[in-house]
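Structure, as structure tokens:
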Amino acid sequence: MSPKVSICMPTYNQPDFLKVVLDSIVMQDFKDYEVIISDDSTNDESGKLIEKYKAKIPNLTYFRNIPSKKSPMSWNEAIKHAEGEYIKVQHSDDWFSDSTALRKFVSMLDSHPESDFAFSGAFVCDKNQKIKFTHCPSENEIQKLRQSPTYLFGRNIVGAPSATIYRSTTKHKYFDEKLKWVVDLEQYIRILEENPNFQYCEEPLVCTTDGASHQSI
């Protein structure tokens, strides 16, 4: 049976962060998921770490990209192997904020079959995992996004891909590999132009890292 959620995780030379996000996945009270890791690392440190988690995360698939694919190709590599009803992109320097987060992401789409896309607020943290501020769009900004998906070009109120979840049936589930900048925004806009219905949870369900020196390239 296919899992409910495919957690698709690109990583690049960041085993310390990777441990944090894997621990946050293990602690989730919602268990119907698979984890797919696309590794662009220049060494095998992440691979060694992942081996230690295979007993804790039975439905874990790992790919070491040689040569490295770079973003967004590495992101898409994980998505290509997703078998879940929902796709949850989770960059390896971002993690779930508490044990209920994945369940709440899933609930947004389960409760609203008319929507293909959902996102949440986020804690933005420094490289030491200390919260700097909370990313939480205002009601006015949410209404502007409902009026026009291209509002995102002026202000990314959705945030990082790790703050999103979407149906695997959307024809826009992949990121545009011709782009290097605004890759996430462009995908959000394509999904929302196809289906403007979306769900938003103001509770920060993820923690994202700002200023890490070894984020995915």
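The values are calculated or read from the model by the stated rules, or taken from the named source; none is laboratory data. None of these values were measured; they are calculated from a predicted model. So basically every Cβ, Gly included, is an ideal-geometry build from the backbone, and we count neighbours across all protein chains shown. For the accessible areas, the whole protein counts, side chains as well, though only heavy atoms, and no ligand, DNA or RNA atoms are used. Shrake-Rupley method; radii C 1.70, N 1.55, O 1.52, S 1.80 Å.
Determine which single condition Pro113 fails, assuming it passes every other condition in (1) of a type outside the set (Val, Ile, Thr); (2) open to solvent by 10 Å² or more (accessible area, probe 1.4 Å); (3) within 18 Å of the chain's Cα centre (by Cα).
So Pro113 meets the others, but not (3).
Might you let me know whether the range 80-94 holds any residue that is part of a helix (DSSP H, G or I) and under 19 Å from Asp39 (Cβ atoms)? Working first, answer last.
Taking the range 80-94 and keeping what is part of a helix (DSSP H, G or I), we get 80.
Then keep just the ones that are under 19 Å from Asp39 (Cβ atoms); that gives 80.
Yes; the residues of the range 80-94 include at least one that is part of a helix (DSSP H, G or I) and under 19 Å from Asp39 (Cβ atoms).
When residues of the range 17-31 are filtered for being open to solvent by less than 70 Å² (accessible area, probe 1.4 Å) and part of a loop (DSSP other than H, G, I, E, B), how many remain? Write out each step before concluding.
The initial filter retains those residues of the range 17-31 that are open to solvent by less than 70 Å² (accessible area, probe 1.4 Å), namely 17-18, 20-26, 28, 30.
Okay, now just the ones that are also part of a loop (DSSP other than H, G, I, E, B), so 28, 30.
Residues in the range 17-31 being open to solvent by less than 70 Å² (accessible area, probe 1.4 Å) and part of a loop (DSSP other than H, G, I, E, B): 2 in total.
Which members of the range 44-91 meet the condition of being touching a residue at least 40 places away in the same chain (Cβ under 8 Å), acidic (Asp, Glu) and open to solvent by 50 Å² or more (accessible area, probe 1.4 Å)?
The answer is Glu83, Glu85.
Looking at the range 7-31 only, could you name the residues that are over 17 Å from Leu205 (Cβ atoms) and touching a residue at least 40 places away in the same chain (Cβ under 8 Å)?
Once the filter is applied, which keeps residues that are over 17 Å from Leu205 (Cβ atoms) and touching a residue at least 40 places away in the same chain (Cβ under 8 Å), the range 7-31 yields Pro10, Thr11, Tyr12, Asn13, Gln14, Phe17, Leu18.
For the range 123-158, name all the residues that are in a helix (DSSP H, G or I), at pLDDT 95 or above and open to solvent by 100 Å² or more (accessible area, probe 1.4 Å). Please lay out each step first, then the result.
From the range 123-158, those in a helix (DSSP H, G or I) are 139-147, 149-153; that's our starting set.
In the following step, the residues that additionally are at pLDDT 95 or above were identified as 139-147, 149-152.
Selection gives Glu139, Arg146, Gln147.
Pairs needed: first member in the range 129-154, touching a residue at least 24 places away in the same chain (Cβ under 8 Å); second member anywhere, part of a helix (DSSP H, G or I) and surrounded by fewer than 16 Cβ atoms within 10 Å (Cβ to Cβ); C-beta distance under 6 Å; at least 6 residues apart or different chains.
Pro149/Glu193
Only one residue in Thr208, Thr170 is closer than 16 Å to Ser6 by Cα, open to solvent by less than 30 Å² (accessible area, probe 1.4 Å), in contact (Cβ under 8 Å) with a residue 12 or more places away in the chain and not basic (Lys, Arg), so which one is that? Explain how you work it out, then say what you get.
Values: Thr208 fails: closer than 16 Å to Ser6 by Cα.
One residue alone meets the criteria, Thr170.
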